[in-house]
Amino acid sequence: MVRSCDLAAAAGREVGIVGWKVTWKSTRTSDSAEEMIFVTFSDECGRFEATFFPEAYRRSARLLFRRPGPFLVRGRVESELGVESLVADKVVMLAL
């Protein structure tokens, strides 16, 4: 498990991170027009972005829109232009 403030040190690794959904934006892929979503989550350190590409989005969509969280989001940390984000593979809703 990592926190949002530790994502830079985890670049390139598979991690799990717990957060509450803050906002999201859905879009479609440019090549196949499949639906995907960008989600902003918040944890005790700050905010982090997670990208759910089409396959992960299909598996996670119903769960993501049930309630704001908390969620355990698993995926690979990517760093681009000094900004880290999570390419999500799996999400689990945690009990309150």
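The values are calculated or read from the model by the stated rules, or taken from the named source; none is laboratory data. Nothing here was measured: the structure is a model prediction, and the numbers come from that model. Positions of Cβ are backbone-derived with ideal geometry, glycine not excepted, and every protein chain shown enters the neighbour counts. Note: areas computed on protein heavy atoms with side chains; ligands, DNA, RNA excluded. Shrake-Rupley method; radii C 1.70, N 1.55, O 1.52, S 1.80 Å.
Quick notes on this structure:
- Solvent-accessible area, 1.4 Å probe, carbon plus sulfur percent, for the range 34-93: 48
- Helical contribution to [θ] at 222 nm, DSSP H n ≥ 4, -39,500 (n - 2.57), averaged over the chain, rounded to 500: -3500 deg cm²/dmol
- Each Lys or Arg adds one and each Asp or Glu subtracts one; over the other residues with Cβ under 10 Å from the Cβ of Ile17, this totals 0.
- Take every Cα pair under 8 Å whose residues are at least 6 apart in sequence, average their separation, divide by the length of the chain, and the relative contact order is 31 percent.
- Accessible area per residue in Å² at 1.4 Å probe, computed on the chain: 60
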